[in-house]
Amino acid sequence: MVIAYASKTGNIARFAAQLALPLLRIESGLERLEEPAVLLTYTTGFGQVPPEVELFARANHPFIRGVAASGNRSWGRNFARAADRLTERYGWPVLLKFELAGLESDRRRFMEALKRLDPAVVPI
């Protein structure tokens, strides 16, 4: 399973790099999946999905199995809300919401959620 991710400040990139799974960085939103993936995104503005992630999700939604989002808890109910918005639109499960670059415990919870989606997921 591929981890497709978008990172503005580097937090998501740091989180993704420590997963030891195949990665696809979303930069323009024009990237295309050819296999099952999980989407990692940041939240922008007041709980919005970043534009490049919107474009990517629209084109690749049949391959995406779940979503996780990073945010800052100081945004209250808008914390990591991009995951909720994508779930509303596409019906994907929210695997995790985490703050900034996440903690080791967040990465463990994420991997547990991935293994529930696909027991064959093994870090590389």
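The values are calculated or read from the model by the stated rules, or taken from the named source; none is laboratory data. Predicted, not measured: the structure shown is a model, and the values here were computed from it. Cβ placement follows ideal geometry from the backbone for every residue including glycine, while neighbour counts extend to all protein chains displayed.
Side notes on the structure shown:
- When residues of region 71-102 are limited to those that are closer than 19 Å to Arg14 by Cα, touching a Lys or Arg at 6+ places or on another chain (Cβ under 8 Å) and modelled with pLDDT of 90 or more, the one surrounded by the fewest Cβ atoms within 10 Å (Cβ to Cβ): Leu96
- Test result for Phe98, touching a Ser or Thr at 6+ places or on another chain (Cβ under 6 Å) and in contact (Cβ under 8 Å) with a residue 60 or more places away in the chain: yes
- Taken over region 110-124, the residue count meeting the criterion of being closer than 19 Å to Ala13 by Cβ and not in a loop (DSSP other than H, G, I, E, B) is 3.
- Residues that are touching a residue at least 12 places away in the same chain (Cβ under 8 Å) and exposed (fewer than 14 other Cβ atoms within 10 Å of the Cβ) within region 26-48 comprise Glu27, Ser28, Leu30, Arg32, Glu34, Glu35, Phe46, listed in sequence order.
- Close pairs from region 64-87: first within 18 Å of Tyr5 (Cα to Cα), partner of a type in the set (S, T, N, Q), Cβ under 6 Å, at least 6 apart: Ala69/Thr41; Ala69/Thr43; Ser70/Asn11; Gly71/Thr43; Ala80/Thr43; Arg81/Thr43; Ala82/Thr41; Ala82/Thr43
- Residue match in region 66-80 (condition: more than 19 Å from Leu21 (Cβ to Cβ) and of a type in the set (D, E, K, R)): yes
- Residues in region 49-70 that are surrounded by fewer than 21 Cβ atoms within 10 Å (Cβ to Cβ) and not polar (S, T, N, Q): 12 in all.
- Any hit, region 35-53, residues being within 13 Å of Ala4 (Cβ to Cβ), part of a helix (DSSP H, G or I) and out of contact with any helix residue (DSSP H, G or I) (no Cβ under 6 Å at 6 or more places or on another chain): yes
- Leu19 being surrounded by fewer than 15 Cβ atoms within 10 Å (Cβ to Cβ), at pLDDT 90 or above and part of a loop (DSSP other than H, G, I, E, B): no
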